[in-house]
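Trainee: The structure's right below; bear with me while I get my questions together.
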Amino acid sequence: MTQMKLAIRAVALCVIAIALSLFSATAIGAQEVPPVPTVPVVEVPPPVPPAPAPDMRGLPFNSGSGRRVVYSMEQQRVWWVEEDGSVVHTYLVSGRYKTPGEGTYSVFSKSRYTTSVGGGASMQWMVRFAQGSDAAIGFHSIPVNRRGQPLQSEDELGSYRSHGCVRQSNWNASLLYEWAQIGTQVVVVK
């Protein structure tokens, strides 16, 4: 008799679950769906932001003034600084040793999607601020190859891994893309 009651309860729960899923599907289906990009790109959604609060100290001495992005090649770290000098965000990146040279630049171009020279890799949220010998240099997400595999992991950020640009986690790349407008100063320090 007990097994019969358990079976009846299980069937009742299944019926309730199906009814709820149909209700949820109907409610979701009523929402407007954004258009799918027509560019053949491997979409890498930004991950959930890291749980621990970043260490906002350590902004390099003599790293400019005003609203700016500061990039330390030796530390492989970026800081976002507001007009009043307050650091609003900092995190590890992967760039190339001594590229670009030390100096003050400014954001001159942005692209939501881009590819490497030769097209072997694609990246998102490109924020260009300097000219290299054969291409622009900028901040962007970790590139993915033609099979959609990342060229490095987020755990490897903080080490030299790039061909010239500055790689960031997908999350930070998407945020910097919004924060750094055309004309935003970029200070590159040793």
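Trainee: Which of (1) of a type outside the set (D, E); (2) modelled with pLDDT of 60 or more; (3) outside the structural domain of I142 (by TED's automatic domain parsing) does P35 not meet, given it meets every other one?
Mentor: Looking at each condition in turn, P35 falls short on (2).
Trainee: Looking at this structure, is G119 among the small types (G, A, S), more than 16 Å from W79 (Cβ to Cβ) and assigned by TED's automatic domain parsing to the domain that holds W80?
Mentor: yes
Trainee: Checking the conditions here, which among R77, R68, R96 is at pLDDT 95 or above, over 16 Å from the mean Cα position of the chain (by Cα), surrounded by 12 or more Cβ atoms within 10 Å (Cβ to Cβ) and charged (D, E, K, R)?
Mentor: R68
Trainee: Let me ask something else. Considering (1) part of a strand (DSSP E or B); (2) under 19 Å from Q185 (Cβ atoms), say which one G85 fails and leave the rest.
Mentor: Checking G85 against (1) part of a strand (DSSP E or B); (2) under 19 Å from Q185 (Cβ atoms), the one that fails is (1).
Listed here are the residues, each with its yes/no results for (1) within 19 Å of Y71 (Cα to Cα); (2) in contact with a strand residue (DSSP E or B) (Cβ under 8 Å, 6 or more places away or on another chain); (3) at pLDDT below 95; (4) assigned to a strand (DSSP E or B).
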position	(1), (2), (3), (4)
Y105	yes, yes, no, yes
K110	yes, yes, no, yes
T114	no, yes, no, yes
V117	no, no, yes, no
M123	no, yes, no, yes
M126	yes, yes, no, yes
F129	yes, yes, no, yes
D134	no, no, yes, no
G138	yes, yes, no, yes
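The values are calculated or read from the model by the stated rules, or taken from the named source; none is laboratory data. Quick caveat: nothing in here was measured; it's all calculated off a predicted structure. Glycine gets a Cβ as well: all are built from the backbone with ideal geometry, and neighbour counts include every protein chain shown.
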